[in-house]
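A.B. asks: My questions will all concern the structure given below.
Bear in mind that the values in this text are calculations on the coordinates, not laboratory data. Model, not experiment: these values are computed from the prediction. For neighbour counting, all protein chains shown are included, and Cβ atoms are generated from backbone atoms with ideal geometry for every residue, glycine included.
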C-alpha cells in the first residue's frame, strides 16, 4: 500500500475516528492519540483485514484510549484497572446532555457501556463490534442484547419512551 | 419504530462528541509519510527525569531519610492515581480520569475536619517499586503450558514501545500480558451460548433466536474443589495463595474466586481472580508478574496532617481490596500495616472499633438538575478514625508503587485513602479542578440522528 493509498483509505474514516476519540478522551488529547493510531496503522498496514479498516481502527484505538487513561490516571481501583481494556465514554460525558440517561449509563459496567456506545454512537453492526472487541459475533450479539435490556430496564424507571 | 430505535436515538442525542470537529487530514498524511517523532520531547524528558529520580532513590535504599532533608522525588505521580474514596459520590464525580477539569451538576464541596480522636504523631514507612519478574514472552510461554494454550507469544498490534503488550490467541482462548505486569487467561465458551442469528428489520444483525441457557450446577466444582484448584494452579504458576485468604462465590451459573496478590510476604493490594463457566470449565484467571523492590524507609506525616491532604485530591492511593469489600478496619489485618508503622502509639483506628463507629452508608441521592445551584453545597465531614496501611499508586510512566498511607474514616460511613509520605518525596500532579455545570445544553436535533 502506497502512502497515497493509505491516506485515501484512512482519510475516509477520519471523522469516525475523531468522534470515537472525542467521546473517550479530553479534547486536548484527541489529536495526539489519533496521530499515534495512524502511525500504528501505517506500520501494520499489511495486517489490516481488507474491508475492515474501520473496525481495526476502533480495536486499536480502544487500546490506545485505555493506555491513555492508565497513563494519565494510574487508576488503581483494583477491580477495574487492570482487567481487559475498556474504552467507553463516561457517564459524566453523557450527563451533559441527558441526566436520566447518564444515571442509567453509570449503572452499567464499563464493558456494557462500551458495547452500547459502539452500537449507538459508532453505529457499528454486531459483526463490526465483534471485530473491534475481539470476540465472536455470537458473543457480541448476546452481550449487546443483554446490555441493551439492562439499560432499558434502568431507564424504564423514568418512563423511557 | 421500536425500543431499540428509541434507545439508540436517545443515546445518539446525548453524544458527547457532537460538535467536535473532524481532525485535520494531515494527521493521516503524516503517519503515511513516516513523520519522524521529535528526538527530544516532553515525554522523553519526563522519562529521563524519572530514571534519574529512580537512580537517586537507589542510593538511599535501606536508609531512613530525616524529614529535614529534601530528597529528589522518588517518582512522579500519575494524575488522579489511586482514586481511593469509598463513596457513592466518587463514582459520579471522578470516574472519568481523563478530564483536566470535571463538570458535574449539583456541585458538592466537602470540608474535612480532623476529629479529636486522630493522632498527631507521625511514623515511618517503607516504599516499594513494582518491577517485572519475568520477560513477558517467557511468562506467556510458561503460562501457555500450564493453561494448555497452543501457540507462541506475539506482540499485539496496538503494542507500543512505551506500553508493550503480548498475547497468545487460539480461537476463543487468550493469554495476554501488559506492560504493567498484569496477565490474564480467558476462555470464552461459545458452545454455551450458541444461537442462530436473525436479521432484524433495520438490517442489523441481532440474536433474538438465542435459546435460554440452562443452569448446570452439577458441573460446577464445589467450594472445596474450587479451593483446591486455586491452590494447585497458584502453586504451578508460582503465585502465593492460601485457603484462608480466598474469597469464593458459587451459584448455579458459575463460580468466582479472588485472593490477594502477595509477593515477598507483602500484600500488594492487588487481587488475583479466577472464574468458572456454567459448564465448570475455567473461563478466566488473572494475576501479576511483578515483585516489590524496596526503595527505602521514610518518615510519614501524622493522620491529622493527612486529613488536610484529602481535599487536594492528589494524594490518593488505593488500599487493599478488603477495605472496599467490608469498609471495616481490622486492626491487625493481613499485611495492611506492612511497612507503614505508626509512631509511639497506635492511631485512633486501632483503639476503637470502627465497625461500631461506622454509620449506615448514605443512600444514593437523585442527580440534581443542572443550573439549580451554581454555589457548591458545603458538606462538612469529620474524620473519626484512621488506620495506617500501604497504598497502591502509579507513576506517570505507568509503574506500580506501594507507599505508606492512611485510610481515614469519616462520620458519614466512607473513607479516603491518603499517602502519608512527607511533602517533596514524590512529585504530585497539579490539583484537580471540579467545576459546576453551567446549565442544560440544548438538545441536538433528532434529524442529526443516523440509524
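A.B. asks: Count, for each residue of B:158-171, the Cβ atoms from other chains sitting within 10 Å of its Cβ, then give me the mean as a whole number.
C.D. replies: The shielding value for this peptide is 3.
A.B. asks: Using a 10 Å cut-off around each Cβ of peptide A:23-35, what is the average number of partner chain Cβ atoms that fall inside?
C.D. replies: 4
A.B. asks: Would you list B:382, B:224, B:247 from fewest to most Cβ contacts within 10 Å?
C.D. replies: B:224, B:247, B:382
A.B. asks: Say a paramagnetic label sat at a point 7 Å from the Cα of residue B:138, along Cα to Cβ; which residues of segment B:249-271 have their backbone N under 20 Å from it?
C.D. replies: Answer for segment B:249-271: B:263-264.
A.B. asks: Additional query: Using the number of other C-beta atoms within 10 angstrom as an exposure proxy, rank B:20, B:323 with the fewest first.
C.D. replies: B:20, B:323
A.B. asks: Please arrange A:121, A:108 by how many other C-beta atoms lie within 10 Å of their C-beta, fewest to most.
C.D. replies: Ranked by crowding around the Cβ, least crowded first: A:108, A:121.
A.B. asks: Something else now. Run the simple label-point estimate for residue B:113 and residue B:225 please: 7 Å along Cα→C-beta, distance reported in nm.
C.D. replies: Placing both labels 7 Å along Cα→Cβ, they lie 5.8 nm apart.
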